[in-house]
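Peer 1: Encoded as structure tokens, here's the structure I'll be asking about.
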């Protein structure tokens, strides 16, 4: 993954990351293609921090007005809105494709189908219930900073997926992976490392649990479809986020 450093491309990657991962209006955001995504990858966790900060602010403000349950439902909606439901769509597609009993090629066809199937609908519903429940706990404990950790950890976990082959020949993963440098990845890990240091052992434990979840998803994807896809990345982000939100309050003394 060695790549010569270009400052202009590096900075342009921030706009691409924001434009791709959020619905925030980004002036002169570059077109999203393989090269642009490779430049944006180092900025994914930084963009995640912006998403997390917005979600944390929404959770805090809503909790001043509504009950923890109502605030958690509305916060989950705000979180999904900020990302345009991008990762939730990947989660639903993966539930449809990875959980069905079918050959590898058929699984990939199902994941590419824009229609929502039974596994996808059920998985999405149960996941959102879980996210609302863990957000309620976060709100009750006033653990606002873990929302930033969850958002940063989810997008940092995408770097682990770079170790896996693409499930489709010539897929996006292989083309993006070849354009990412180790220096870029280390830069991208700065927010996660900083938040873990800030949140001490509970933060480290929650981040480690998120890493285990990521490893589990990668194992499942490798065994079911032979590698990763963009949908798998979305599933990883969502599941890592919710695991971090779930585990962190449990580790608080």
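Peer 1: Taking the alpha-carbon centroid of each part, what is the distance from the range 31-60 to the range 64-88 in angstrom?
Peer 2: Spelled out, the Cα-based centre of one part sits 17 Å from the other.
Peer 1: Taking just the alpha-carbon atoms of the chain, what radius of gyration and Dmax come out, in angstrom?
Peer 2: 17.6, 52
Peer 1: Shifting gears a bit: Work out the P(r) tail for the range 178-232: percent of alpha carbon pairs separated by more than 13 Å, whole number.
Peer 2: 69 percent
Peer 1: For every helix of n ≥ 4 consecutive DSSP H residues, a contribution of -39,500 (n - 2.57) applies; sum these over the chain, divide by its total residues, and give [θ] at 222 nm rounded to the nearest 500 deg cm²/dmol.
Peer 2: Numbers: 13 runs with 190 residues, N = 253.
After summing the helix terms and dividing by the residues of the chain, the value is -24500 deg cm²/dmol.
Peer 1: Looking at the calculated P(r) for the range 54-104, what percent of the C-alpha pair distances fall above 18 Å?
Peer 2: Working: 602 of 1275 pairs.
So the pairs more than 18 Å apart make up 47 percent of the total in the range 54-104.
Peer 1: What distance in nm separates the simple spin-label points at residue 200 and residue 11, each placed 7 Å from Cα in the Cβ direction?
Peer 2: Rounded to a tenth, the inter-label distance reads 3.9 nm.
Peer 1: When only C-alpha pairs under 8 Å and at least 6 residues apart count, what is the relative contact order of the chain, in percent?
Peer 2: The value is 27 percent.
Peer 1: While we're looking at this one, here's another question. Any idea what diffusion coefficient the range 3-143 gets from Stokes-Einstein, in µm²/s, Kirkwood Rh on alpha carbon pairs, 4 °C, 1.567 mPa s?
Peer 2: In µm²/s, the coefficient is 76.
Peer 1: Moving on. Taking the Cα of residue 109, stepping 7 Å toward and past its beta carbon, and measuring to each backbone N in the range 214-253: which are under 16 Å?
Peer 2: Within reach of a label on residue 109: 225.
No lab work stands behind these numbers, since they all come straight from the coordinates. What you are looking at is a predicted structure, and each value in this text was computed from that prediction instead of being measured. Virtual Cβ from ideal backbone geometry, glycine too; neighbours counted across all protein chains shown.
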